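The block underneath contains the structure these notes are about, expressed in structure tokens.
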Amino acid sequence: MANASSKKPKPIKGVYEHPVDSGIWWINYYVEGRRHREKVGRRSDAVTLYQKRKTDARMGIKLPEVRPRRAILFEEIAEDALVYSKEHKASYPGDRSTVGKLLPVFGKTPVAEITPQSIKAYLDTRDDLTKTTINRYRGTLSMIFQEAIRNGKVEQNPARLVRLHREDNGRVRFVTYEEEAMIRRIIRERCPVHEPELTLALETGMRRGEQYSLEWDRVDLERRQLLLLRTKNGTARVVILTASAVKALEKLRIRRNPDWKQVCLTRYGEPMVSPRAWFELVMEEAIKKNPALHDVTWHIFRHTYISRLVMAGVDLRTVQELAGHKDIKMTTRYAHLAPSHKLAAVDRLAEHRRMQELGQTTQPAM
């Protein structure tokens, strides 16, 4: 039998909790056709104040002047959102980078003045970005406003009303072994200490945030696996290590700084939150030698890992588990890279015809 104390209180007209389950109660009432809302705090205080306001209105008592609320700037709610992202999201480095690009545009703008139209107008000017990146900007804006709603600083999320761009997911970009060899040569020439990080990305398919937040207590080299506690889909997953991934981790362990828990460190032995510092220099040189590499980002190494699994003949269900895809639809994007099962099906049809024809020619005479 449910505990009576756990039941929600009976709703009272004009008294509501916002955000839901926040413990912050408001009152809502009308005087001479004009809507009034006041933030109170405890539910009992809100009920008392609501009754007082209604009584005062009936008696013609003038309502107290409400001081205008301090304008909340975008930079304030963006800072709150980054605190949340750092504590709860593996994609924090990406969120921090995106927020850094949004602050010069919206930072000093009061949140009440940011509308879906102003957000769309800004995104429409960014013709230097891909549709995927624009969608990521929109997603980060939505995350910022959603966290502000939870904190009681805004009431609406204007980014939610901005349409997402339709992304072209038909083509999967992956790095060929020849392209990988070129990138490795440049890394060995420019920053050889970071080559194990490249190997780890290609041999595990970890997302950038997952790899650069990985700590040693989640690595088990003997069992050839590591545990990711915070992933994009919100669940923990185990990553199975190839022999090359194990060797890369062993090299990284030699450089281990006992003062830090992180696996990936800078050249000075401090935690590295992103490969950008060295990877952009490497790719700049690689693109000069091979312009076809212009669209290779760090995330392409994840596509490469998954693509190589499929091309090696691993079934899609297993690929889904290894990649940590929540939905098999994400994995089927790579199915065209493994036409062998379709060829086998067609070959079975030809074999069936051959056996039928053979049976007809060898039937005994009646």
key: Hey, Ser91 among the polar types (S, T, N, Q) and modelled with pLDDT under 90 or not   = yes
inquiry  = Anything in the stretch 86-111 that is under 17 Å from Arg276 (Cβ atoms) and open to solvent by 50 Å² or more (accessible area, probe 1.4 Å)? List them, or say none.
reply    = Ser91, Arg96, Lys101
inquiry  = When the residues of the stretch 191-225 are narrowed to those that are of a type in the set (Gly, Ala, Ser) and closer than 18 Å to Arg255 by Cβ, which ends up modelled with the highest pLDDT?
reply    = Ala201
task = Could you look through the stretch 25-48, keep only residues that are open to solvent by 30 Å² or more (accessible area, probe 1.4 Å) and among the aromatic types (Phe, Trp, Tyr), and pick out the one that is farthest from Pro9 (Cα to Cα)?
result = Tyr30
query = Is it the case that some residue within the stretch 112-135 is open to solvent by 40 Å² or more (accessible area, probe 1.4 Å), modelled with pLDDT under 90, under 20 Å from the mean Cα position of the chain (by Cα) and basic (Lys, Arg)?
reply = yes
message = When the residues of the stretch 346-366 are narrowed to those that are modelled with pLDDT of 70 or more and of a type in the set (A, V, I, L, M), which ends up nearest to Met206 (Cα to Cα)?
response = Val346
inquiry  = Residues to consider are Glu155, Glu197, Glu179, Glu222; find the one that is open to solvent by 10 Å² or more (accessible area, probe 1.4 Å), in contact with a helix residue (DSSP H, G or I) (Cβ under 8 Å, 6 or more places away or on another chain), within 24 Å of Leu322 (Cα to Cα) and not basic (Lys, Arg).
reply    = Glu179
ask   = Regarding Arg163, is this residue among the charged types (D, E, K, R), surrounded by 14 or more Cβ atoms within 10 Å (Cβ to Cβ) and under 30 Å from Thr115 (Cα atoms)?
value = no
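State yes or no: is Val83 assigned to a helix (DSSP H, G or I), surrounded by fewer than 19 Cβ atoms within 10 Å (Cβ to Cβ), over 17 Å from the mean Cα position of the chain (by Cα) and among the β-branched types (Val, Ile, Thr)?
no
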inquiry  = Looking at the stretch 136-145 only, could you name the residues that are touching a residue at least 40 places away in the same chain (Cβ under 8 Å) and open to solvent by 20 Å² or more (accessible area, probe 1.4 Å)?
reply    = Arg136, Met143
query = Residues in the stretch 297-304: is at least one polar (S, T, N, Q), touching a residue at least 24 places away in the same chain (Cβ under 8 Å) and open to solvent by less than 20 Å² (accessible area, probe 1.4 Å)?
reply = yes
task = Return the residue satisfying two criteria in turn: it lies in the stretch 244-271 and is part of a helix (DSSP H, G or I) and open to solvent by 60 Å² or more (accessible area, probe 1.4 Å), and of such residues it is farthest from Glu87 (Cα to Cα).
result = Lys247
query = Based on what the data block shows, is Gly313 among the small types (Gly, Ala, Ser) and open to solvent by less than 40 Å² (accessible area, probe 1.4 Å)?
reply = no
ask   = Within the stretch 318-332, can you find the residues that are open to solvent by 60 Å² or more (accessible area, probe 1.4 Å) and part of a loop (DSSP other than H, G, I, E, B)?
value = Lys326, Asp327
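In the stretch 228-243, which residue that is part of a strand (DSSP E or B) and open to solvent by less than 60 Å² (accessible area, probe 1.4 Å) is nearest to Gly205 (Cα to Cα)?
Val239
Suppose the filter is under 17 Å from Thr176 (Cβ atoms), at pLDDT 80 or above and in a helix (DSSP H, G or I); does Thr297 pass it?
So Thr297 fails the test.
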ask   = Does any residue in the stretch 201-213 that is part of a helix (DSSP H, G or I) come within less than 6 Å, Cβ to Cβ, of a residue that is among the aromatic types (Phe, Trp, Tyr) and open to solvent by less than 10 Å² (accessible area, probe 1.4 Å) six or more places away or on a different chain, and which pairs are these?
value = Ala201/Phe301; Leu202/Phe301
request  = Any residue in the stretch 33-57 that's over 14 Å from Tyr16 (Cβ atoms): show its pairings with residues that are in a strand (DSSP E or B) and charged (D, E, K, R) at Cβ separation under 8 Å, as long as the two are six or more apart or on different chains.
outcome  = Arg53/Glu38
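The values are calculated or read from the model by the stated rules, or taken from the named source; none is laboratory data. Bear in mind the structure is a predicted one, so any value in this text is a computation, not a measurement. Please note: Cβ atoms are built from the backbone with ideal geometry, for glycine as well, and neighbour counts cover all protein chains shown. In case anyone asks, the SASA skips ligands and DNA or RNA and just uses the protein heavy atoms, side chains included. Shrake-Rupley method; radii C 1.70, N 1.55, O 1.52, S 1.80 Å.
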